[in-house]
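Quick notes on the structure that follows.
Read the figures in this text as sums done on the coordinates, not as results from a lab. Everything numeric in this text was worked out from a predicted model, so none of it was measured. FYI the Cβ positions are ideal-geometry reconstructions off the backbone, even for glycines, and counts take in every protein chain you see.
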Amino acid sequence: MGGRWTRAPRVLGLLVLSAACGRARGPEWIHLAQGYEPPPLTGDATEGSSVRLTLSEGEPWLTATLAREDWSSRPEHEDWSSSLPVRGRGQPRGGDLHHRLSAEGAEFEAVPLGKFRRDPERRRGTYLMKPNRVSLYLGAGEEPPGQVELSVYAGLGREVDGRWRVEGRRFSGDAIALWPGQSAQVLADVPSDCSLRFATCLEPALPSPRGTKRELTFRVLFNGVTLLEHVQPDLEAGTYAWHELELPPSPRARITFEVEGPLSYAAFLNPVIGPREIGSYGERPWGRGRPDIVMFQADTFRADNLELFGGEGGLAPFLDELASRSRAFPRTWSVGTYTLPAHTSMFTGLYPHQAGITGMESSVPDELRSVAEVFAAAGYRTGAITDAVFVSQRFGLAQGFEWFEESLGSLEATFERASSFLEADDGRPLFLFVQSYRTHTPYRVSEETMAERGVELGIRASFEDLRAELGRLEGLEALDDEQTRRREDVIEGLEAHYRGCVVDLDRAFPTFFGELEERGILREGAFVFTSDHGEAFGEHDSVYHGGRVWEEVTRVPLFLHGPGIEPALVDRAASLIDLPRTLAGLARIAPHPEWLGASLLGDIEEREVFVFQCKDDAPVSSWALIARGKKLMGDQEVTTRGRDSLLGAFDLEQDPGETKDRLGEDWAARLFDEHRSRLEVLFVPLAGSEAVQLGAEQMRELGEMGYGGGR
């Protein structure tokens, strides 16, 4: 590293029970992130001669100087482009922009990607941040100034409910966060038979030069004696490693954390002192505690992929068999038509608009109480392994998870990350949420499934070719008969790829589920399987999801499995809004009083359910009410337009495919009048809405997943 800034260790005294790790009063755990704050910067840090880490209005920013030779002209794009010399993280206070570009004391205007595309003629003097580059738009014949400064916000986290929390691109959670070159101390009364467990995590602040090896050294000292010196590579994607250190008993022990190496976002994530001897899941030395709970969310997984939920069977034999041994709810609806609103309700127990989710740039407000927060307060070790994009800390979904890891990759990689978290058991009861985009676009069918079942499924052309052709056909003003037939063939081909992804998910699932059984997690615990929404393949002339609240997009599978859960097929309406109270019931903890829905344990009553589209960029954002086998659809102007806001009415018992609109029948008006006041309440936000400033990387990920194009 080219420079150093003054070390300013901060000594933090933590009030700790002296019997924390003993068994006389039962096991207890000490969270070292409680009361922690990172050491203050006391001077500028430099990396070479062109990067500075400085404070601006009390907050850290990374600033890089771009010389004229760093820019390259791209006439075809009408811009000047430079690779990004720094990597930002987090959001400044007040929601300000997290990057700046300036020259000679004047700032260029940052233009969001969507606005930029809509107003290309207004480019002069603006810049656009992309995943790995910055583009600068100047007038004809103009060149970049000799020195341009690019600054990005470089947050080490924030305090949440008394604990320091990092909010990274891949890792979020309770942590002791440091810049390389800094150290911090905590004081703790450490009784006998204790271990300190944590993960060393880092995300690069600078791109790694080709052919170079960059490493960080993490150290932990106990009363001045080094217990850990761990060297970890600084890779573009970020890295982590779990550690367990046996601690000698010591009153008022001084535990020092240090990091040395190149400029990176470094953290000791989930630093917890707890019992050294913890047994295993389902078999603790101190006897029975709260049950372990694992929830798996198969994103974009249609209900009819499974036989119990209306499918023909054969696509997912393992999940079919598991569902048959579980408490299954074949009449389950999502609360939204795409990932963000559905997960918001699954986590907060509120309908999307109540939680401030009105579109794809909304974020869950901090003041709402999430399932993970309630579980953490009850003593659970809370973890989430997600495939990122919408299921991200950026959208507020990491609240309450002391370990939240997001990384877009293969299903096998997702299961490996979940396995790593399970291996790092510290004795507390477990709440683990795992999410996968395995059946989401872009549909990537494995070679094994293509070879074994490709012909049977009808997979012919590549997914990329089919998607491109569908886009071309849908771009036409009108289709002739031949084009209409071709569009149907293309959609059928897309569905074949989708079903192949279902086969792949089911093929990989026994390994993950088998690990839960082998580790003893399901000895007294519970497993929950569901999806956030379905997928359309030509029904109601729509493809993919995010559109109106039709059954093919809103019906999802849901089943609960565990030794204390009696297998049954429950023919009552259920909703993802029910999951928070159901999960609390499984854990034998009190649900938060603001959560809506009902526990699905025991007998449940038939009642109405609601679904919302939540798309502020849609011409008409729709909602649905399902009650007594009937379904109403309407638009969001229900408060002002009343019955005129209705879009359709269907008898699902007689017409499950929603082919005959019965809006003119008397029952539709009566059903609307009966539930109008309730529906209006569900559009009222219960917390201040929060907007997300999507960076270029997030826009790229959303685009690759198919969002932003009328979905």
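Data overview
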{"quantity": "Sequence-separation-based contact order of the chain, relative, with Cα cut under 8 Å and 6+ spacing, percent", "calculated": "14 percent"}
{"quantity": "D_trans [Stokes-Einstein, Kirkwood Rh over alpha-carbon pairs] for segment 452-559, 37 °C, 0.692 mPa s, µm² s⁻¹", "calculated": "200 µm²/s"}
{"quantity": "Three-way shape call for segment 293-704 based on the alpha-carbon gyration tensor, with the a/c threshold at 1.5", "calculated": "rounded"}
{"quantity": "Antiparallel bridge percentage (DSSP; both residues within segment 293-704; nearest 5)", "calculated": "50 percent"}
{"quantity": "Along each principal axis, Cα extent of the chain, largest first, Å", "calculated": "78, 77, 55"}
{"quantity": "Segment 129-287: relative contact order as a whole-number percent, Cα under 8 Å and 6+ apart", "calculated": "30 percent"}
{"quantity": "Value of [θ]222 nm, deg cm²/dmol, for the chain, DSSP H segments ≥ 4, -39500 (n - 2.57) each, nearest 500", "calculated": "-6500 deg cm²/dmol"}
{"quantity": "Dipole moment magnitude, nearest 20 debye, the chain about Cα centre, only Lys, Arg, Asp, Glu C-beta charged", "calculated": "2120 debye"}
{"quantity": "Lysine pairs in the chain with Cα atoms under 26 Å, if 8 or more residues apart or on separate chains", "calculated": "9"}
{"quantity": "Rounded to 5, the percent of DSSP beta bridges in the chain classed as antiparallel", "calculated": "80 percent"}
{"quantity": "Length-normalised contact order of segment 237-390 in % [C-alpha pairs under 8 Å, at least 6 apart]", "calculated": "8 percent"}
{"quantity": "Listed residue (G396, L53, G409) projecting farthest to the positive dipole end of the chain, Cβ model", "calculated": "L53"}
{"quantity": "Karplus (6.51, -1.76, 1.60) ³J(HN,Hα), θ = phi - 60°, over segment 281-297, in Hz, Gly and Pro reported as x", "calculated": "4, x, 8, 8, x, 8, x, 6, x, 6, x, 6, 9, 10, 10, 10, 10"}
{"quantity": "Protection proxy ranking, peptides 316-329, 429-442, 450-463, average beta carbon neighbours within 10 Å, highest first", "calculated": "429-442, 316-329, 450-463"}
